[in-house]
């Protein structure tokens, strides 16, 4: 048995009675094994110790451990073991290089939980099937959501999960998972502990749904004998395989789906499933082959032991693979099919009437029905939004009994006023027999199933400033028209008329524009020229939308939408009243005898660079008043003699010639009589100051 503190558990023979029982099992088991599996003589047998794969040590107590091992098994001659197995009996030791027996789970010779509990058996079989080495490390790590899993960690967690089922209390060993240790009893790192714990929880937790006993991989495929009909799901094709998944192929041109009509991944079809062939409406009668291939481990889940030399019982995990294949044929004949054409009841056209309650007639053409049997047609109106179908809740039903396998039946939908305005409407139809759906026609893009209910909304405004008030002299009135529910690609004309809101009568002003609808909804503009004679009036724009028949058709234009609400503020503009014209006021008489007033020098703005002799104008020149606008300067009195040096400074500052003293020059430079007086005063002060200085100097002397 696995003894605490011993990496290689030892087995000790029990009582003589037990020995006889083991010998009996030894002689009986080989016949069962050979009959069940057909192993060559001398096989299966345990491999050598050095061919085993060791995991880490599982804690038995605070100071003792159980060794975990993946055991080598041969089922045929070879240089390396072709099977690998886990222990399912903790209290019995293992022996290497001895013959083994193989049998069903009921041949288990031990007394732990595996002996009687079917749930324990199936859960252990699930563990060895879904863990390493039957599945790759990467696959196991992904399913358990543990990254970086190693072989030793996988072996450790897998063996711990098995013993927690086979040898937990009330079994004699009373095993429970308490963690593990690496070489020489050393504690694992936090990352190692996390990976082993994570895999242990995955294998022993709710994911483990059990796996039945499988002696060898098995596969069966059953195809219904009933002949299906096109336009429906033909089948079922029932698959019953021992593996979790199988691969399916077919020579049919139609897809294989599940019972809900969903396509399946044919490379990973569940081992227990039912498939159907989705044969479309109108398909010719035919048949198709469906082939199922199973590839799986040949002996995974088999129990092997030896009672002649009592050794621990093992369950095979990894094994050589085997492939099974099965083929079934499925047939169908032409089934019920529907084709529909929807129209407006009143006009017989594709556009719904605008006033009052309207009705849609959907003429349904059927084929492939059984004459004399009752059917029920159920329809619903859908709104097309892009490529999506939105239910309206408007439905209709009609029961009928066809006299032949093909014919026509009408379904009438009553549409409340305004319910579908501005919408693109498509009629969906489903055909039932005995409340079972036998045919459908639900193509949201099918033009034959479609009718249209156009709508227009308008916004009128002054094109000049985008408000709803025109000037008294009139101008351009633009009406922006938003349309919806149109048939894409058709040509339409929108015609507008300007109404007088006060009288409700037309003004006679009209305009129109023609366009091709690039989509079912969009915008188009119509412009009106409003003359000045409508000043002071409130105007309302009416719009009407017409179809434009193709040039080579005999159809006439049809009014399909209008917006003529005299009280709609969005359609309304106001023309301003006529402006008040003011009488011109007489100019005040000018007294020619009034002398010109002198302009003070400090009120005359002087801009540098404005002298006629200066060729470079200033950046922001001021206009120089003309001779008529500028009062004439008074005559300049004779100048007082001044020091030429002072005068020279003034000349340099003003950059102006002093030889020309006309009134024009004085006005430009500010050099007038007042300036001369100021300069004379400055000269007198300087002279007086000089006299005072001279007198003081004289007195000192």
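The values are calculated or read from the model by the stated rules, or taken from the named source; none is laboratory data. Note that the structure is a prediction, hence the values are computed from the model and not measured. Every residue, glycine as well, gets a Cβ built from its backbone with ideal geometry; the counts of neighbours run over all protein chains shown.
Please enumerate the residues belonging to the stretch 229-255 that are within 22 Å of residue 438 (Cβ to Cβ), more than 33 Å from the chain's Cα centre (by Cα) and surrounded by fewer than 20 Cβ atoms within 10 Å (Cβ to Cβ). Selection gives 236, 252.
The combined condition, being within 38 Å of the chain's Cα centre (by Cα) and touching a residue at least 12 places away in the same chain (Cβ under 8 Å), is fulfilled by residue 258. Residues in the stretch 294-305: is at least one in contact with a helix residue (DSSP H, G or I) (Cβ under 7 Å, 6 or more places away or on another chain), buried (at least 16 other Cβ atoms within 10 Å of the Cβ), touching a residue at least 40 places away in the same chain (Cβ under 8 Å) and assigned to a strand (DSSP E or B)? Yes: the stretch 294-305 contains one or more residues that are in contact with a helix residue (DSSP H, G or I) (Cβ under 7 Å, 6 or more places away or on another chain), buried (at least 16 other Cβ atoms within 10 Å of the Cβ), touching a residue at least 40 places away in the same chain (Cβ under 8 Å) and assigned to a strand (DSSP E or B).
I want to confirm something. Restricting to the stretch 356-377 and keeping residues that are crowded, with 20+ Cβ neighbours inside 10 Å and farther than 19 Å from residue 406 by Cα, which single residue is modelled with the lowest pLDDT? Out of the qualifying residues, it is 358.
Count of the stretch 566-590 residues, restricted to those that are over 19 Å from residue 533 (Cβ atoms) and either surrounded by 15 or more Cβ atoms within 10 Å (Cβ to Cβ) or modelled with pLDDT under 95 (or both), is 12.
Where strands (runs of 3 or more DSSP E) fall entirely within the stretch 437-494, those with at least 2 residues that are outside the structural domain of residue 355 (by TED's automatic domain parsing) and within 19 Å of residue 566 (Cβ to Cβ) are at 455-462, 475-484. With the structure loaded, tell me whether residue 547 is free of Cβ contacts under 8 Å to residues at least 40 places away in the same chain and surrounded by 13 or more Cβ atoms within 10 Å (Cβ to Cβ) or whether it fails that test. Here the answer is no, as residue 547 does not meet what is asked. The listed residues are 341, 353, and the only one of them that is crowded, with 16+ Cβ neighbours inside 10 Å, in contact with a helix residue (DSSP H, G or I) (Cβ under 7 Å, 6 or more places away or on another chain), farther than 30 Å from residue 235 by Cβ and not assigned by TED's automatic domain parsing to the domain that holds residue 562 turns out to be 341.
Pick from the stretch 368-395 the residues that are part of a strand (DSSP E or B) and free of Cβ contacts under 8 Å to residues at least 40 places away in the same chain: which of them is farthest from residue 337 (Cα to Cα)? So the residue we want is 385. Any idea which of (1) touching a strand residue (DSSP E or B) at 6+ places or on another chain (Cβ under 8 Å); (2) part of a loop (DSSP other than H, G, I, E, B); (3) touching a residue at least 60 places away in the same chain (Cβ under 8 Å) is the one residue 283 doesn't satisfy? So the condition that residue 283 fails would be (3). Within the stretch 65-82, the residues that satisfy the criterion of being outside any strand (DSSP E or B) and either in contact with a strand residue (DSSP E or B) (Cβ under 7 Å, 6 or more places away or on another chain) or at pLDDT below 90 (or both) are 75, 81, 82.
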